[in-house]
1. Say we look at segment 127-138 and pick out the residues that are touching a residue at least 40 places away in the same chain (Cβ under 8 Å) and open to solvent by 90 Å² or more (accessible area, probe 1.4 Å); which of these is farthest from Glu103 (Cα to Cα)?
2. Pick out the one residue from Leu100, Leu124 that is more than 30 Å from Gly61 (Cβ to Cβ), hydrophobic (A, V, I, L, M, F, W, C), assigned to a helix (DSSP H, G or I) and open to solvent by 50 Å² or more (accessible area, probe 1.4 Å).
3. Looking at (1) in a helix (DSSP H, G or I); (2) more than 29 Å from Lys142 (Cα to Cα), which one does Gln129 not meet, given that it meets all the others?
4. Among Ser141, Ser174, which is the only one that is in contact (Cβ under 8 Å) with a residue 40 or more places away in the chain and in contact with a strand residue (DSSP E or B) (Cβ under 6 Å, 6 or more places away or on another chain)?
5. Pick from segment 127-180 the residues that are of a type in the set (D, E, K, R) and farther than 25 Å from Glu56 by Cα: which of them is farthest from the chain's Cα centre (by Cα)?
6. Name the one entry in Ala155, Ala164, Ala85 that is exposed (fewer than 14 other Cβ atoms within 10 Å of the Cβ), small (Gly, Ala, Ser) and closer than 26 Å to Ile54 by Cβ.
7. Scan segment 75-97 residue by residue and report those that are part of a helix (DSSP H, G or I) and among the polar types (S, T, N, Q).
8. Which of the residues that make up segment 1-49 are open to solvent by less than 70 Å² (accessible area, probe 1.4 Å) and of a type in the set (D, E, K, R)?
Amino acid sequence: MKPEQSSKDIIRLVILFLFLLALFSFIIIQFYKIQIIQGKKWSQLAKAQHHYSIIESCKRGRFFGNTSLKEGHSENPQVLVLDVAKFHLFVDPLSIKEELKNEIVSSIVEIFQLGKIKKEEIHLQFTKQSRSRKLLTWLGSKEKEIFENWWVPYARNKKIPSNALFFMKDYKRSHPYGKL
């Protein structure tokens, strides 16, 4: 073997060793940056992806009036306070095509007979980049049924996911005889 050949081989090995050392050092620095410096940020992000809290509304109890007879309780007690099922309308703007949003907003305004100001608020919710935007609150079951009769066939015809507009059930306190 020639002496100049062996020195070239040694130089190549040294260069290869330095390259691998630099690459290994770069990886160690990146691990340090992710684990130590940005560790809190990444653990919060992971926790947010794995844990999701949903606050479900609860149905509270009813109160009855003290309308008892001398012998015992009345056959038909008067309900003074009760919970009435109501619904909130939400939209998932990311699942609706951009060209259909104005048409859907106009239909919502027409179905619920809303004004121009409310139409602008609803349209603003359709433009936000979010998965769940509240459009309308405290809708009755008749209003929900009327809306669903329009929405389900419309979504099917336009190939929109049926849960792009969805309802969440809530309970509203009702006082049939006024607040006491």
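1. Trp138
2. After applying the criteria, what remains is Leu124.
3. Gln129 satisfies every listed condition except (1).
4. Ser174
5. If we take residues in segment 127-180 being of a type in the set (D, E, K, R) and farther than 25 Å from Glu56 by Cα, then Lys179 is farthest from the chain's Cα centre (by Cα).
6. Values: Ala155 fails: exposed (fewer than 14 other Cβ atoms within 10 Å of the Cβ); Ala164 fails: exposed (fewer than 14 other Cβ atoms within 10 Å of the Cβ).
Within the list Ala155, Ala164, Ala85, the selection yields Ala85.
7. Ser95
8. Asp9, the sole residue that qualifies.
The values are calculated or read from the model by the stated rules, or taken from the named source; none is laboratory data. From a predicted model like this one, the values you see are computed outputs, not experimental measurements. Note: ideal-geometry Cβ built from the backbone for every residue, glycine included; neighbour counts use all protein chains shown. Ligands, DNA and RNA are stripped out before the accessible areas are found, and what is left, the full protein with its side chains, is counted by its heavy atoms. Shrake-Rupley method; radii C 1.70, N 1.55, O 1.52, S 1.80 Å.
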